[in-house]
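Single-structure report; data block below.
The values are calculated or read from the model by the stated rules, or taken from the named source; none is laboratory data. Since the structure is predicted, the reported quantities are computational estimates derived from the model, not experimental observations. Cβ coordinates were reconstructed from backbone atoms using ideal geometry, including for glycine residues, and neighbour counts include every protein chain displayed.
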């Protein structure tokens, strides 16, 4: 019990905006025959489960394929009137299931799951990430992404249904702020 309380005390500050759930991570189905090259390019965050590391507006991520088969990842947001960016690397973690990517934004941190549940490559994508904490509880993230700064309401609703059908609770999902993004800071 002492170990559980210590682990809980260490992880609770990290999860203040996240959505913790009891039990291990769900195992959602991912995009069949995923093509990493077709996924490359600019994606805008349309909706998300709240995440402490995403507090700004105009959040977008650009993926660029590298010669070694990994992807250079640049995520950006406007926070308090300033453009903030962070660089990372995405890798295919399981060659048999290339839709299971891992992303790291630091050389010292391990790759975190970045699973493509669904994408048509040209309009929208559904992405899920989950981390188990001793299989006692998990912290997860879910994003609806678009190639444009907005998507039809029906596309967003369908995305939520896909998450829900994969045992992912999106009851706290919020729309991202993508207004006024193309104006100069």
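Brief remarks follow.
- Taken over the stretch 132-159, the criterion of being over 20 Å from residue 75 (Cα atoms) and touching a residue at least 24 places away in the same chain (Cβ under 8 Å) is satisfied by 132, 133, 134, 135, 136, 137, 138, 139, 155, 156, 159.
- Hits in the stretch 76-92 (condition: in contact (Cβ under 8 Å) with a residue 24 or more places away in the chain and either within 16 Å of residue 37 (Cβ to Cβ) or crowded, with 20+ Cβ neighbours inside 10 Å (or both)): 90, 92
- Restricting the stretch 136-145 to residues that are under 21 Å from residue 114 (Cβ atoms) and touching a helix residue (DSSP H, G or I) at 6+ places or on another chain (Cβ under 8 Å) leaves a set whose member that is surrounded by the fewest Cβ atoms within 10 Å (Cβ to Cβ) is 139.
- All conditions but one from (1) touching a residue at least 24 places away in the same chain (Cβ under 8 Å); (2) over 25 Å from residue 22 (Cα atoms) apply to residue 95; the one that does not is (1).
- Flag if residue 131 is modelled with pLDDT of 95 or more and on the phi < 0 side of the Ramachandran plot: no
- Selection count where residues are surrounded by fewer than 11 Cβ atoms within 10 Å (Cβ to Cβ) and either part of a loop (DSSP other than H, G, I, E, B) or modelled with pLDDT under 95 (or both), scope the stretch 149-173: 1
- Members of the stretch 4-28 that are in a loop (DSSP other than H, G, I, E, B), surrounded by fewer than 13 Cβ atoms within 10 Å (Cβ to Cβ), on the phi < 0 side of the Ramachandran plot and at pLDDT 75 or above: 27
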